Amino acid sequence: MEKQIISRLHKNFEDCAHKNDGVEFWYARELQGLLGYDEWRNFNAAIAKAKIAYEMAKQKVSDHFVDANKTIQMPKNASKEIPDIMLTRYACYLIAQNGDPRKDEIAFAMTYFAVQTRKQEVVEQRLAEWERLQSREKLSISEKTLSGILFERGVDGQGFARIRSKGDSALFGGYSTQDMKNKLGVPNKRPLADFLPSVTIKAKDLANEITGFNVKKDQTLQGETPITFEHVKNNEGVRKLLNDRGIEPEQLPAAEDVRKVKRKVAANGRKILKSVKRLK
């Protein structure tokens, strides 16, 4: 996510924060807009799911979801009251968890409400970690999907492993998967992708998506040899795109182990519940 977008979202979320006897909270009606929901009924469904998650954690929902009323202006100087909800930081976090993670607003909110400090630089760092986890998960999905497509075209599991390895060699400028694992200090039993930076993970995912798309489109792509050629060509194309932007994937340093990042992100969520104060 671009820094400019993060700055804008950070300001929007900060501006909508309120306090009640020293307890920080957000109004649901305002959070609805912050998270990109157009209709209250759809947002209310996300709130309902968050409440269920809270009950499953054996917590008292009314401590973090407090019913309130909001007065809105109507035509001809009239006004009316509509239902609203005061939400603690943890309540907002649970609501964001039930949103679409592909939306910038949801991705930002997941991080913003999870961290204990509201400093923008900390939010940026945590957001980068969360987005890397999402990218890694998406790569796993695209690999499984591609494997299924190739199986229908006569490629077994070992054949898919060879195709994927040759794709890696094309992406990394001649370095094999094992070469890159040695270069980055990746344990032999761990996937290379668990230690790649986000840009390289996304590059591998894009090559998979292109190969899968073209194989489904072209019925003549049958068997390991022609599909290997197709996948290598796609990885070479993605590599050229990176090179044109001054990026050589084989020269990028290893990123933090995805497993460690996942534990860190999960720990942030648990810390909120312990530290956030209840609404009165």
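Things to note:
- Residue among 208, 235, 182 with the largest mean-square fluctuation in a Gaussian network model of the chain, springs linking Cα atoms under 10 Å: 182
- Panel values: segment 1-115, Kirkwood radius from alpha carbon pairs, Stokes-Einstein at 37 °C and 0.692 mPa s, translational diffusion coefficient 221 µm²/s.
- Residues considered: 204, 217, 183. Largest GNM mean-square fluctuation over the chain, using C-alpha springs under 10 Å, is found at 217.
- Counting beta carbons within 10 Å around each of 16, 92 and listing the fewest first gives the order 16, 92.
- Candidates 48, 91, 254, ranked by Gaussian network fluctuation over the chain, Cα under 10 Å, top entry: 48
- All Cα-Cα separations within the chain were binned at 10 Å from zero, giving a P(r) of 6, 24, 25, 19, 16, 8, 2, 0, each value a whole percent of the pairs.
- For segment 1-32 versus segment 202-232, the gap between their alpha-carbon centres in whole angstrom: 44
- Under 18 Å of direct C-alpha separation, and excluding same-chain neighbours fewer than eight residues apart, residue 60 reaches these lysines: 49, 51, 271, 274, 277, 280.
- Computed across segment 155-259, the Kirkwood radius stands at 14.1 Å (inverse of mean 1/r, all Cα pairs).
- With K and R counted +1 and D and E -1, the other residues having a Cβ less than 10 Å from that of residue 215 yield a net charge of 0.
- Summed residue charge, Cβ within 9 Å of residue 175's Cβ, Lys/Arg positive, Asp/Glu negative: -2
- Candidate cross-link partners of residue 144 among the lysines, defined by an alpha-carbon separation under 22 Å and a same-chain spacing of 8 or more, comprise 166, 181, 189, 202, 204, 216, 217, 233, 262.
Every read-out reported here was derived from the displayed coordinates using simple, explicitly stated rules and does not represent laboratory data. Everything numeric here is computed off the predicted structure, so don't read it as measured data. Cβ atoms come from the backbone with ideal geometry, glycine included; neighbour counts cover every protein chain shown.
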